[in-house]
């Protein structure tokens, strides 16, 4: 039997403006960036390389695989370049490497861990579509083989049962990007029990309402939010509630936190600003 091909790589100091950072499995947390920055005065550099891959068809552009917090630290320090490990892999393998790095190398919150595990499943299925549930043939065994072995592996790491691992993955798979972001920014940390409650709720609208209530600090748990909705509590408009939640969070934050937030989302704000004809720049580009 032939040996599997080895992934060779190279190291280089590449410009930050040539690194594309998007569709990450977890958000950048500024407190962790502060820790990285605190070590720089003694070393003079961010010595742990980030990991990137070349973007096919985009000369000189690299997609980030691992190291979003280090890139954010470099940006805040005013650095123009950062040491990077360049892997000769495509987008699918790159995503799998990113998720494995998250799961094995960081103290993840229950929500970030669930989102990373769901991303791992998606990445695996893209690499091995023949294992997807419903695929004809004996090799269509994701639920019977890969999930079980992965759930067993994560159970040993987290202390959760394999059943809970599978349930939290299922819950994370149901979340939209907006819902995941709302939960990640919720004043109270999302627990495994919250995720399991979301996974059990089959009504997408009720799930969304519960997530908004939790992210706005109206309830202490998803279970409590779902119970309140079951008692015919007036249904609130998700967009209006999200808007009010953003305003409340921004107004409560210290000025320095507000300034950092505006810096982080400056590009998105420009895209969302309406033009004179009422369309945002993003809407115009889409036509």
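We did not get these values from a lab; they are worked out from the coordinates using the rules stated. Source: prediction; values computed, not measured. Cβ placement follows ideal geometry from the backbone for every residue including glycine, while neighbour counts extend to all protein chains displayed.
Computed extension gain for residue 240 through residue 200, at 0.36 nm per residue and net of the alpha carbon distance, reaches 11.8 nm.
With a Förster radius of 30 Å, plug the Cβ-Cβ distance of residue 81 and residue 252 into 1/(1 + (r/R0)^6) and report the FRET value to the nearest 0.05.
On the way: r = 37 Å, r/R0 = 1.23.
FRET efficiency, residue 81 to residue 252: 0.25.
If the segment from residue 22 to residue 43 were pulled out straight at 0.36 nm per residue, it would be longer than the present Cα-Cα gap by 4.7 nm.
State the extension gain, in nm to one decimal, for the chain segment bounded by residue 271 and residue 191, taking 0.36 nm per residue of separation less the distance between their alpha-carbons.
25.4 nm
Cα centroids of segment 156-227 and segment 30-76: 30 Å apart. Shown for 191, 43, 176, 168: other C-beta atoms within 10 Å of each C-beta, ranked fewest to most, produce the order 43, 176, 191, 168.
Projected label points at residue 31 and residue 220, each 7 Å from Cα along the beta carbon direction, are separated by 2.1 nanometres.
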